[in-house]
Amino acid sequence: MPIQPQSHHQQQQQDDKRQAAREVIDILHEISTILAVIKELRKEAAAAAVE
């Protein structure tokens, strides 16, 4: 049985899902960066409190 070509609508849905996944990955990367900065600031604050 031959594979049916995807309709334009199906292709658009797949493209939309891929774009949404890319955006989620970008947001998670930004969150990770923010958490790393917070962690570093906490270390600096703890070191300053000891001095």
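Key figures for this structure:
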| item | result |
| --- | --- |
| So residue 14, is it in a loop (DSSP other than H, G, I, E, B) and without any contact (Cβ under 8 Å) to a residue 24 or more places away in the chain | no |
| Test for residue 36: is it among the small types (Gly, Ala, Ser), out of contact with any Pro (no Cβ under 8 Å at 6 or more places or on another chain) and surrounded by fewer than 10 Cβ atoms within 10 Å (Cβ to Cβ) | no |
| Answer from 49, 20 - the residue that is free of Cβ contacts under 8 Å to residues at least 40 places away in the same chain, of a type in the set (Gly, Ala, Ser) and loosely packed, with under 10 Cβ neighbours inside 10 Å | 49 |
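Since every read-out is calculated from the coordinates, none of them should be taken as a lab result. None of these values were measured; they are calculated from a predicted model. Positions of Cβ are backbone-derived with ideal geometry, glycine not excepted, and every protein chain shown enters the neighbour counts.
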